[in-house]
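Student: Here it is, the structure, as C-alpha coordinates.
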Amino acid sequence: RCVVLRFLKSPPNQNKTSQEILHHLQNIVDFGKHVMKQFFGENYVHHGEIIQLPLDFVRQLCLKVQPERPESRCDKDMDTLSGYAVCLPNLTRLQTYRFVEHRPILCIEIKPKCGFIPFSSHVSQEIKHKVCRYCMHQHLKVANGKWKRPSKYCPLDLFSGNKQRMHFALKSLLQEAQNNLKIFKNGELIYGCKDDQDCVSDWNELARHLKPFFFPSNGLVSGPHCTRTIVKELIHVITMTLLSSTDACRAGDMKTVPISQGRSYCEASAFNKELVRNGKHKLESSGLPRGCLLYKTLQAQMLDMLDIEGLYPLYSRVEQYLEEFPEERSTLQIDGPYNESFYEKLLDLSTEDDGTVAFALTKVQQYRIAMTAKDCSIMIALSPCLQDECSEQRPVVLTSKSRFTFSVSVLDLDLKPYESIPHQYKLDGKIVNYYLKNVQAKDDPVMSNLFKENEDCTLVLHKV
(Lines give C-alpha, C1' and ligand atoms only; values in the text may rest on other atoms or scores of the structure.)
Protein backbone atom coordinates (compact mmCIF):
# COMPACT_ATOMS: atom_id res chain seq x y z
CA ARG A 1 0.00 0.00 0.00
CA CYS A 2 3.06 2.25 -0.05
CA VAL A 3 2.74 3.34 3.56
CA VAL A 4 5.18 3.97 6.39
CA LEU A 5 4.81 2.55 9.89
CA ARG A 6 6.12 4.72 12.66
CA PHE A 7 6.88 3.21 16.10
CA LEU A 8 7.76 4.90 19.34
CA LYS A 9 11.31 4.48 20.57
CA SER A 10 12.45 4.87 24.16
CA PRO A 11 15.57 4.29 26.31
CA PRO A 12 15.93 0.61 27.35
CA ASN A 13 15.03 1.17 31.03
CA GLN A 14 11.90 3.24 30.31
CA ASN A 15 9.15 0.77 29.62
CA LYS A 16 5.83 2.46 29.04
CA THR A 17 2.50 0.68 29.32
CA SER A 18 0.48 0.03 26.16
CA GLN A 19 -1.99 2.67 27.34
CA GLU A 20 0.75 5.30 27.72
CA ILE A 21 2.09 4.48 24.26
CA LEU A 22 -1.37 4.76 22.72
CA HIS A 23 -1.87 8.11 24.47
CA HIS A 24 1.52 9.39 23.24
CA LEU A 25 0.78 8.36 19.64
CA GLN A 26 -2.70 9.90 19.85
CA ASN A 27 -1.09 13.18 20.91
CA ILE A 28 1.25 13.07 17.88
CA VAL A 29 -1.67 12.49 15.49
CA ASP A 30 -3.87 15.16 17.13
CA PHE A 31 -1.08 17.71 17.10
CA GLY A 32 -0.57 17.24 13.36
CA LYS A 33 -4.30 17.30 12.69
CA HIS A 34 -5.49 20.21 14.86
CA VAL A 35 -2.41 22.41 15.14
CA MET A 36 0.20 21.96 12.40
CA LYS A 37 -2.42 21.61 9.65
CA GLN A 38 -3.61 25.10 10.62
CA PHE A 39 -0.11 26.52 10.14
CA PHE A 40 0.93 24.68 7.00
CA GLY A 41 -2.35 23.93 5.25
CA GLU A 42 -4.32 20.82 4.37
CA ASN A 43 -2.22 19.51 1.45
CA TYR A 44 1.15 19.71 3.15
CA VAL A 45 0.56 17.89 6.46
CA HIS A 46 -0.12 14.15 6.68
CA HIS A 47 -0.98 13.34 10.30
CA GLY A 48 -1.58 9.61 9.78
CA GLU A 49 -3.71 7.23 11.85
CA ILE A 50 -3.04 4.85 14.72
CA ILE A 51 -3.23 1.14 13.98
CA GLN A 52 -2.62 -1.99 16.05
CA LEU A 53 -0.43 -4.75 14.64
CA PRO A 54 0.15 -8.42 15.59
CA LEU A 55 3.03 -8.53 18.10
CA ASP A 56 4.76 -11.33 16.24
CA PHE A 57 4.92 -9.17 13.10
CA VAL A 58 6.29 -6.21 15.11
CA ARG A 59 9.05 -8.33 16.67
CA GLN A 60 10.13 -9.72 13.29
CA LEU A 61 10.10 -6.21 11.85
CA CYS A 62 12.25 -4.94 14.71
CA LEU A 63 14.88 -7.65 14.09
CA LYS A 64 14.86 -6.84 10.37
CA VAL A 65 15.42 -3.08 10.76
CA GLN A 66 17.91 -3.21 13.64
CA PRO A 67 21.03 -3.71 11.43
CA GLU A 68 19.92 -0.77 9.25
CA ARG A 69 19.72 1.72 12.13
CA PRO A 70 22.59 4.23 12.48
CA GLU A 71 24.79 3.54 15.50
CA SER A 72 24.06 6.96 17.01
CA ARG A 73 20.35 6.07 17.19
CA CYS A 74 20.72 2.66 18.83
CA ASP A 75 20.60 4.06 22.36
CA LYS A 76 16.81 3.75 22.09
CA ASP A 77 14.74 0.62 21.54
CA MET A 78 11.75 0.30 19.27
CA ASP A 79 8.48 -0.41 21.08
CA THR A 80 7.65 -4.06 20.39
CA LEU A 81 5.29 -4.64 23.31
CA SER A 82 2.19 -2.56 22.59
CA GLY A 83 1.65 -3.30 18.89
CA TYR A 84 0.58 0.32 18.27
CA ALA A 85 2.05 2.35 15.42
CA VAL A 86 1.17 5.37 13.32
CA CYS A 87 0.43 4.56 9.69
CA LEU A 88 1.48 7.37 7.32
CA PRO A 89 1.75 7.80 3.55
CA ASN A 90 5.24 7.16 2.17
CA LEU A 91 6.29 10.71 1.33
CA THR A 92 9.14 9.58 -0.91
CA ARG A 93 6.35 8.72 -3.38
CA LEU A 94 4.00 11.13 -5.11
CA GLN A 95 1.10 12.02 -2.83
CA THR A 96 -1.45 13.39 -5.19
CA TYR A 97 -1.83 11.08 -8.16
CA ARG A 98 -1.95 7.38 -7.65
CA PHE A 99 -2.00 6.42 -11.33
CA VAL A 100 1.56 7.59 -12.04
CA GLU A 101 2.99 5.28 -9.38
CA HIS A 102 4.56 3.05 -12.05
CA ARG A 103 6.79 5.95 -13.13
CA PRO A 104 10.21 6.45 -11.55
CA ILE A 105 10.00 8.87 -8.63
CA LEU A 106 12.64 11.19 -7.31
CA CYS A 107 12.29 12.63 -3.81
CA ILE A 108 14.38 15.35 -2.16
CA GLU A 109 14.19 15.74 1.62
CA ILE A 110 15.40 19.07 3.02
CA LYS A 111 15.67 20.09 6.66
CA PRO A 112 15.82 23.88 6.18
CA LYS A 113 16.43 24.83 9.89
CA CYS A 114 15.79 28.33 11.31
CA GLY A 115 15.35 30.94 8.58
CA PHE A 116 15.52 34.20 10.52
CA ILE A 117 17.81 36.11 12.87
CA PRO A 118 16.43 36.90 16.36
CA PHE A 119 14.83 40.36 16.52
CA SER A 120 14.06 40.20 20.24
CA SER A 121 15.31 42.92 22.57
CA HIS A 122 16.04 40.19 25.15
CA VAL A 123 19.09 39.04 23.17
CA SER A 124 22.17 39.77 25.31
CA GLN A 125 24.92 39.16 22.73
CA GLU A 126 25.00 41.48 19.73
CA ILE A 127 26.41 38.69 17.54
CA LYS A 128 23.01 36.95 17.62
CA HIS A 129 21.53 39.92 15.76
CA LYS A 130 24.13 39.46 12.99
CA VAL A 131 24.93 35.76 12.58
CA CYS A 132 22.26 33.07 12.39
CA ARG A 133 22.03 30.18 14.82
CA TYR A 134 22.76 27.53 12.16
CA CYS A 135 26.02 29.16 11.02
CA MET A 136 27.22 29.56 14.62
CA HIS A 137 26.24 25.99 15.57
CA GLN A 138 28.25 24.55 12.64
CA HIS A 139 31.53 25.55 14.33
CA LEU A 140 30.60 23.91 17.63
CA LYS A 141 29.49 20.71 15.83
CA VAL A 142 32.79 20.48 13.96
CA ALA A 143 34.73 21.11 17.21
CA ASN A 144 32.74 18.32 18.92
CA GLY A 145 33.53 15.93 16.10
CA LYS A 146 29.96 15.60 14.84
CA TRP A 147 31.00 16.75 11.35
CA LYS A 148 34.39 16.97 9.68
CA ARG A 149 33.78 20.26 7.89
CA PRO A 150 31.42 23.21 8.34
CA SER A 151 28.75 23.54 5.66
CA LYS A 152 28.44 26.70 3.54
CA TYR A 153 24.67 26.39 3.72
CA CYS A 154 22.89 29.26 5.46
CA PRO A 155 19.11 28.95 6.03
CA LEU A 156 18.61 32.70 5.53
CA ASP A 157 19.75 32.30 1.92
CA LEU A 158 17.19 29.55 1.31
CA PHE A 159 14.37 31.52 2.97
CA SER A 160 15.29 34.76 1.15
CA GLY A 161 13.09 34.03 -1.88
CA ASN A 162 15.96 35.38 -4.00
CA LYS A 163 16.71 32.74 -6.65
CA GLN A 164 20.45 33.43 -6.75
CA ARG A 165 20.74 33.02 -2.97
CA MET A 166 18.47 29.96 -2.98
CA HIS A 167 20.58 28.31 -5.69
CA PHE A 168 23.73 28.99 -3.64
CA ALA A 169 22.09 27.52 -0.50
CA LEU A 170 20.95 24.36 -2.30
CA LYS A 171 24.33 23.88 -3.97
CA SER A 172 25.97 24.18 -0.52
CA LEU A 173 23.55 21.55 0.83
CA LEU A 174 24.44 19.22 -2.01
CA GLN A 175 28.15 19.71 -1.30
CA GLU A 176 27.88 19.13 2.45
CA ALA A 177 24.59 17.33 3.04
CA GLN A 178 25.11 16.53 6.77
CA ASN A 179 21.62 15.56 7.93
CA ASN A 180 19.93 18.43 6.10
CA LEU A 181 19.52 16.85 2.68
CA LYS A 182 18.70 13.39 1.34
CA ILE A 183 17.70 12.24 -2.14
CA PHE A 184 15.63 9.10 -2.78
CA LYS A 185 14.96 7.31 -6.05
CA ASN A 186 11.88 5.07 -5.99
CA GLY A 187 12.00 5.18 -2.18
CA GLU A 188 15.69 4.14 -1.94
CA LEU A 189 18.24 6.58 -0.48
CA ILE A 190 20.75 7.42 -3.24
CA TYR A 191 22.37 10.56 -1.80
CA GLY A 192 22.89 11.99 1.67
CA CYS A 193 24.71 11.27 4.87
CA LYS A 194 24.84 7.73 6.19
CA ASP A 195 26.55 8.69 9.45
CA ASP A 196 27.57 11.67 11.55
CA GLN A 197 31.20 11.90 10.57
CA ASP A 198 31.75 12.14 6.88
CA CYS A 199 29.65 12.89 3.86
CA VAL A 200 31.62 12.34 0.71
CA SER A 201 29.46 13.99 -1.90
CA ASP A 202 29.90 12.09 -5.12
CA TRP A 203 28.19 14.32 -7.66
CA ASN A 204 29.13 12.04 -10.58
CA GLU A 205 27.34 9.13 -8.96
CA LEU A 206 24.34 11.38 -8.26
CA ALA A 207 24.33 12.63 -11.86
CA ARG A 208 24.30 9.02 -13.11
CA HIS A 209 21.09 8.40 -11.11
CA LEU A 210 19.49 11.67 -12.21
CA LYS A 211 20.36 11.67 -15.90
CA PRO A 212 17.29 9.65 -17.03
CA PHE A 213 15.04 12.13 -15.19
CA PHE A 214 16.49 15.32 -16.63
CA PHE A 215 17.84 14.18 -20.00
CA PRO A 216 15.67 11.22 -21.03
CA SER A 217 16.90 11.15 -24.63
CA ASN A 218 20.51 10.79 -23.43
CA GLY A 219 21.73 13.77 -25.44
CA LEU A 220 24.48 14.64 -22.97
CA VAL A 221 27.91 13.08 -23.04
CA SER A 222 29.21 12.09 -19.63
CA GLY A 223 31.90 13.99 -17.77
CA PRO A 224 32.18 16.97 -15.42
CA HIS A 225 30.20 19.29 -17.74
CA CYS A 226 27.33 16.78 -17.81
CA THR A 227 27.42 16.44 -14.00
CA ARG A 228 27.35 20.22 -13.51
CA THR A 229 24.44 20.61 -15.91
CA ILE A 230 22.39 17.92 -14.16
CA VAL A 231 23.09 19.36 -10.69
CA LYS A 232 22.07 22.80 -12.01
CA GLU A 233 18.79 21.39 -13.35
CA LEU A 234 18.11 19.66 -10.02
CA ILE A 235 18.69 22.91 -8.09
CA HIS A 236 16.39 24.78 -10.48
CA VAL A 237 13.59 22.23 -9.98
CA ILE A 238 13.92 22.26 -6.17
CA THR A 239 13.83 26.08 -6.15
CA MET A 240 10.73 26.24 -8.35
CA THR A 241 8.83 23.67 -6.27
CA LEU A 242 9.78 25.39 -3.00
CA LEU A 243 8.45 28.71 -4.33
CA SER A 244 5.28 27.17 -5.71
CA SER A 245 1.98 27.24 -3.90
CA THR A 246 0.06 23.97 -4.19
CA ASP A 247 -2.31 24.70 -1.36
CA ALA A 248 -5.24 27.08 -1.54
CA CYS A 249 -5.47 27.18 2.26
CA ARG A 250 -4.00 30.24 3.92
CA ALA A 251 -2.02 29.58 7.06
CA GLY A 252 -5.05 29.31 9.33
CA ASP A 253 -6.16 32.56 10.92
CA MET A 254 -2.64 33.34 12.10
CA LYS A 255 -1.81 37.00 12.15
CA THR A 256 1.59 37.02 10.52
CA VAL A 257 4.71 38.08 12.32
CA PRO A 258 6.28 40.86 10.22
CA ILE A 259 9.37 39.36 8.62
CA SER A 260 10.96 42.79 8.22
CA GLN A 261 11.55 42.85 11.99
CA GLY A 262 14.74 40.84 11.60
CA ARG A 263 17.61 41.40 9.22
CA SER A 264 17.31 39.41 6.00
CA TYR A 265 20.87 38.13 5.75
CA CYS A 266 23.50 36.54 7.96
CA GLU A 267 26.99 38.00 8.17
CA ALA A 268 28.56 34.54 8.28
CA SER A 269 26.85 33.35 5.09
CA ALA A 270 29.40 32.39 2.42
CA PHE A 271 27.18 34.07 -0.18
CA ASN A 272 27.20 37.30 1.80
CA LYS A 273 30.99 37.16 2.32
CA GLU A 274 31.48 36.65 -1.42
CA LEU A 275 29.39 39.77 -2.13
CA VAL A 276 31.36 41.84 0.37
CA ARG A 277 34.62 40.59 -1.15
CA ASN A 278 33.41 41.80 -4.54
CA GLY A 279 32.67 45.22 -3.10
CA LYS A 280 28.88 44.80 -3.08
CA HIS A 281 27.13 45.27 0.22
CA LYS A 282 23.51 44.99 -0.82
CA LEU A 283 21.99 41.57 -0.40
CA GLU A 284 18.75 41.27 -2.32
CA SER A 285 15.91 39.56 -0.50
CA SER A 286 13.02 39.06 -2.88
CA GLY A 287 10.71 37.74 -0.20
CA LEU A 288 8.77 34.49 -0.40
CA PRO A 289 5.38 34.09 -2.12
CA ARG A 290 2.77 33.94 0.67
CA GLY A 291 1.30 30.60 -0.32
CA CYS A 292 4.53 28.62 -0.55
CA LEU A 293 5.60 26.13 2.11
CA LEU A 294 8.82 28.02 2.97
CA TYR A 295 6.76 31.13 3.81
CA LYS A 296 4.44 29.14 6.07
CA THR A 297 7.39 27.41 7.73
CA LEU A 298 9.06 30.76 8.41
CA GLN A 299 5.85 32.20 9.88
CA ALA A 300 5.57 29.27 12.29
CA GLN A 301 9.27 29.60 13.22
CA MET A 302 8.81 33.29 13.98
CA LEU A 303 6.43 32.47 16.81
CA ASP A 304 9.72 32.46 18.71
CA MET A 305 9.35 36.21 19.24
CA LEU A 306 11.31 36.53 22.49
CA ASP A 307 14.29 34.29 21.69
CA ILE A 308 15.24 31.60 24.25
CA GLU A 309 16.81 34.34 26.42
CA GLY A 310 13.49 36.17 26.75
CA LEU A 311 11.55 32.94 27.03
CA TYR A 312 13.55 31.19 29.75
CA PRO A 313 12.34 33.47 32.62
CA LEU A 314 8.74 32.81 31.47
CA TYR A 315 9.38 29.07 31.47
CA SER A 316 10.68 29.46 35.05
CA ARG A 317 7.46 31.29 35.97
CA VAL A 318 5.37 28.37 34.67
CA GLU A 319 7.64 25.89 36.46
CA GLN A 320 7.26 27.75 39.74
CA TYR A 321 3.48 27.73 39.36
CA LEU A 322 3.51 23.99 38.64
CA GLU A 323 5.60 23.32 41.75
CA GLU A 324 2.90 24.98 43.84
CA PHE A 325 -0.05 23.52 41.90
CA PRO A 326 1.11 20.28 40.22
CA GLU A 327 -2.50 19.25 39.56
CA GLU A 328 -2.85 22.22 37.16
CA ARG A 329 -0.51 20.61 34.61
CA SER A 330 -3.36 18.97 32.69
CA THR A 331 -5.57 22.10 32.85
CA LEU A 332 -2.73 24.08 31.28
CA GLN A 333 -2.59 21.50 28.44
CA ILE A 334 1.19 21.17 28.68
CA ASP A 335 1.03 17.50 27.61
CA GLY A 336 -2.08 17.86 25.46
CA PRO A 337 -4.78 17.29 24.49
CA TYR A 338 -3.73 19.11 21.33
CA ASN A 339 -7.13 20.19 20.12
CA GLU A 340 -8.81 23.32 18.70
CA SER A 341 -8.70 25.12 22.05
CA PHE A 342 -4.93 24.48 22.30
CA TYR A 343 -4.50 26.00 18.82
CA GLU A 344 -6.66 29.05 19.59
CA LYS A 345 -4.46 29.99 22.56
CA LEU A 346 -1.49 30.19 20.19
CA LEU A 347 -3.03 33.07 18.24
CA ASP A 348 -2.20 35.73 20.81
CA LEU A 349 0.89 37.45 19.42
CA SER A 350 1.23 40.15 22.09
CA THR A 351 4.67 40.52 23.65
CA GLU A 352 3.58 42.80 26.52
CA ASP A 353 4.23 40.78 29.67
CA ASP A 354 1.41 41.29 32.18
CA GLY A 355 3.15 39.11 34.78
CA THR A 356 0.57 36.31 34.62
CA VAL A 357 1.12 32.58 34.28
CA ALA A 358 -1.29 32.59 31.31
CA PHE A 359 0.95 34.99 29.34
CA ALA A 360 4.08 32.97 30.22
CA LEU A 361 2.41 29.71 29.18
CA THR A 362 1.23 31.11 25.82
CA LYS A 363 4.77 32.22 24.98
CA VAL A 364 6.20 28.84 26.07
CA GLN A 365 3.71 26.96 23.84
CA GLN A 366 4.41 29.30 20.91
CA TYR A 367 8.12 28.69 21.39
CA ARG A 368 7.56 24.92 21.27
CA ILE A 369 5.67 25.29 17.96
CA ALA A 370 8.48 27.49 16.60
CA MET A 371 11.08 24.88 17.63
CA THR A 372 9.03 22.20 15.84
CA ALA A 373 8.94 24.33 12.66
CA LYS A 374 12.70 24.96 12.92
CA ASP A 375 13.32 21.21 12.88
CA CYS A 376 10.78 19.96 10.34
CA SER A 377 11.64 18.39 6.98
CA ILE A 378 10.25 19.27 3.57
CA MET A 379 9.73 16.42 1.08
CA ILE A 380 9.57 17.18 -2.64
CA ALA A 381 8.47 14.20 -4.77
CA LEU A 382 8.94 14.50 -8.56
CA SER A 383 7.74 12.25 -11.32
CA PRO A 384 8.37 12.80 -15.06
CA CYS A 385 5.19 13.45 -17.01
CA LEU A 386 4.54 13.55 -20.74
CA GLN A 387 3.30 16.66 -22.50
CA ASP A 388 -0.25 15.36 -23.03
CA GLU A 389 -0.62 14.14 -19.43
CA CYS A 390 0.06 17.46 -17.76
CA SER A 391 -3.49 18.58 -17.23
CA GLU A 392 -4.54 21.80 -15.53
CA GLN A 393 -5.21 20.34 -12.08
CA ARG A 394 -1.68 19.05 -11.56
CA PRO A 395 1.24 21.21 -10.49
CA VAL A 396 4.02 20.90 -13.06
CA VAL A 397 7.60 22.15 -13.13
CA LEU A 398 9.60 22.41 -16.37
CA THR A 399 13.29 21.91 -17.05
CA SER A 400 15.17 22.33 -20.33
CA LYS A 401 14.47 18.77 -21.52
CA SER A 402 11.73 17.36 -19.30
CA ARG A 403 8.71 18.18 -17.18
CA PHE A 404 7.69 16.87 -13.77
CA THR A 405 4.54 16.64 -11.80
CA PHE A 406 5.31 17.12 -8.11
CA SER A 407 4.00 17.12 -4.57
CA VAL A 408 5.44 18.96 -1.57
CA SER A 409 4.86 17.74 1.99
CA VAL A 410 6.17 18.52 5.43
CA LEU A 411 7.06 15.97 8.11
CA ASP A 412 8.82 15.61 11.50
CA LEU A 413 6.10 17.70 13.09
CA ASP A 414 6.09 16.27 16.63
CA LEU A 415 5.73 19.01 19.23
CA LYS A 416 9.06 19.67 20.96
CA PRO A 417 8.94 18.61 24.62
CA TYR A 418 8.24 21.23 27.29
CA GLU A 419 11.09 19.70 29.32
CA SER A 420 13.68 20.48 26.62
CA ILE A 421 13.58 24.26 27.23
CA PRO A 422 16.38 24.36 29.89
CA HIS A 423 18.55 22.29 27.51
CA GLN A 424 17.84 24.78 24.69
CA TYR A 425 18.81 27.66 26.96
CA LYS A 426 22.15 26.06 27.91
CA LEU A 427 22.87 25.03 24.32
CA ASP A 428 22.22 28.57 23.08
CA GLY A 429 24.80 29.95 25.53
CA LYS A 430 27.31 27.27 24.49
CA ILE A 431 26.89 27.96 20.76
CA VAL A 432 27.25 31.74 21.14
CA ASN A 433 30.22 31.58 23.54
CA TYR A 434 32.07 29.08 21.36
CA TYR A 435 31.51 31.25 18.29
CA LEU A 436 32.64 34.46 20.00
CA LYS A 437 35.70 32.80 21.47
CA ASN A 438 36.94 30.70 18.57
CA VAL A 439 35.55 32.19 15.40
CA GLN A 440 34.89 35.87 15.84
CA ALA A 441 37.86 36.36 18.17
CA LYS A 442 40.21 35.21 15.40
CA ASP A 443 38.91 38.01 13.19
CA ASP A 444 39.09 40.55 16.01
CA PRO A 445 42.36 40.75 18.03
CA VAL A 446 40.79 42.93 20.76
CA MET A 447 38.14 40.28 21.43
CA SER A 448 40.79 37.59 21.39
CA ASN A 449 42.73 39.21 24.26
CA LEU A 450 39.54 39.71 26.24
CA PHE A 451 38.88 35.99 26.21
CA LYS A 452 42.49 35.05 26.99
CA GLU A 453 42.32 37.02 30.22
CA ASN A 454 39.28 35.18 31.43
CA GLU A 455 38.81 31.75 29.91
CA ASP A 456 35.83 30.95 32.09
CA CYS A 457 32.83 33.03 31.03
CA THR A 458 30.31 34.11 33.62
CA LEU A 459 26.78 35.14 32.74
CA VAL A 460 25.57 37.93 35.02
CA LEU A 461 21.83 38.44 35.32
CA HIS A 462 20.65 41.86 36.48
CA LYS A 463 17.19 42.45 37.85
CA VAL A 464 15.21 44.62 35.42
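The values are calculated or read from the model by the stated rules, or taken from the named source; none is laboratory data. The shown structure was predicted, so the numbers you read here are calculated from the model rather than taken from an experiment. Methodologically, a virtual Cβ is constructed for each residue, glycine included, from the backbone with ideal geometry; neighbour enumeration extends over all protein chains shown. Please note that ligands, DNA and RNA were not included when accessible areas were found on the heavy atoms of the full protein model with its side chains. Shrake-Rupley method; radii C 1.70, N 1.55, O 1.52, S 1.80 Å.
Student: Can you report the number of residues in the stretch 264-313 which are open to solvent by less than 10 Å² (accessible area, probe 1.4 Å) and over 16 Å from PHE168 (Cβ atoms)?
Tutor: The number of residues fulfilling the criteria is 12.
Student: Go over the candidates THR399, THR405 one by one and state the one that is crowded, with 21+ Cβ neighbours inside 10 Å, at pLDDT below 90 and not basic (Lys, Arg). Break it down stepwise before answering.
Tutor: On the way: THR399 fails: crowded, with 21+ Cβ neighbours inside 10 Å.
Just one listed residue meets the conditions, THR405.
Student: Looking for something part of a helix (DSSP H, G or I) and within 23 Å of LYS111 (Cβ to Cβ) - is there at least one such residue anywhere in the stretch 311-318? Explain how you work it out, then say what you get.
Tutor: Residues of the stretch 311-318 part of a helix (DSSP H, G or I): 311-318.
Then keep just the ones that are within 23 Å of LYS111 (Cβ to Cβ); that gives 311.
Looking for residues that are part of a helix (DSSP H, G or I) and within 23 Å of LYS111 (Cβ to Cβ), one finds at least one in the stretch 311-318, hence yes.
Student: Another question, then. Report yes if PHE40 is open to solvent by less than 30 Å² (accessible area, probe 1.4 Å), touching a helix residue (DSSP H, G or I) at 6+ places or on another chain (Cβ under 7 Å) and assigned by the TED database to the domain that holds PHE57, otherwise no. So that I can check it myself, show each step before the final result.
Tutor: Numbers: open to solvent by less than 30 Å² (accessible area, probe 1.4 Å): yes; touching a helix residue (DSSP H, G or I) at 6+ places or on another chain (Cβ under 7 Å): yes; assigned by the TED database to the domain that holds PHE57: yes.
Yes: the conditions hold for PHE40.
Student: Another question about this same structure. Condition test on SER151, is it assigned to a loop (DSSP other than H, G, I, E, B) and surrounded by fewer than 16 Cβ atoms within 10 Å (Cβ to Cβ)? Talk me through it step by step, then tell me what you get.
Tutor: Values: assigned to a loop (DSSP other than H, G, I, E, B): yes; surrounded by fewer than 16 Cβ atoms within 10 Å (Cβ to Cβ): no.
The answer is no for SER151.
Student: A further question on this structure: Go through the stretch 401-412 residue by residue and tally those that are touching a Phe, Trp or Tyr at 6+ places or on another chain (Cβ under 8 Å) and either free of Cβ contacts under 8 Å to residues at least 60 places away in the same chain or assigned to a loop (DSSP other than H, G, I, E, B) (or both).
Tutor: Qualifying residue count for the region: 2.
Student: Test each condition in (1) more than 29 Å from SER407 (Cα to Cα); (2) assigned to a helix (DSSP H, G or I); (3) at pLDDT 65 or above for SER260 and report the one that comes out false.
Tutor: All conditions are met except number (3).
Student: Take the stretch 66-78 and flag every residue that is surrounded by 12 or more Cβ atoms within 10 Å (Cβ to Cβ) and under 22 Å from CYS2 (Cα atoms).
Tutor: We begin by selecting, within the stretch 66-78, every residue surrounded by 12 or more Cβ atoms within 10 Å (Cβ to Cβ); these are 69, 76-78.
Those that are surrounded by 12 or more Cβ atoms within 10 Å (Cβ to Cβ) and under 22 Å from CYS2 (Cα atoms): ARG69, MET78.
Student: Right, something else. Could you tell me whether CYS107 is closer than 21 Å to GLN299 by Cβ, under 18 Å from the mean Cα position of the chain (by Cα) and at pLDDT 90 or above? Show your work before the answer.
Tutor: Values: closer than 21 Å to GLN299 by Cβ: no; under 18 Å from the mean Cα position of the chain (by Cα): yes; at pLDDT 90 or above: yes.
No, not satisfied.
Student: Looking at the stretch 349-366, can you tell me whether even one residue there is surrounded by 14 or more Cβ atoms within 10 Å (Cβ to Cβ), among the aliphatic types (A, V, I, L, M), part of a loop (DSSP other than H, G, I, E, B) and modelled with pLDDT under 95?
Tutor: Yes, the conditions are met somewhere in the stretch 349-366.
Student: Let me ask something else. Would you mind listing the strands (runs of 3 or more DSSP E) fully within the stretch 40-137 where at least 3 residues are of a type in the set (A, V, I, L, M, F, W, C)?
Tutor: It comes to 84-89, 106-110.
Student: Being at pLDDT 90 or above, under 22 Å from TYR295 (Cα atoms) and crowded, with 18+ Cβ neighbours inside 10 Å, is that true of even one residue in the stretch 82-102?
Tutor: No; the residues of the stretch 82-102 include none that is at pLDDT 90 or above, under 22 Å from TYR295 (Cα atoms) and crowded, with 18+ Cβ neighbours inside 10 Å.
Student: Taking ASP412, is it at pLDDT 90 or above and on the phi < 0 side of the Ramachandran plot?
Tutor: On the way: at pLDDT 90 or above: yes; on the phi < 0 side of the Ramachandran plot: no.
Here the answer is no, as ASP412 does not meet what is asked.
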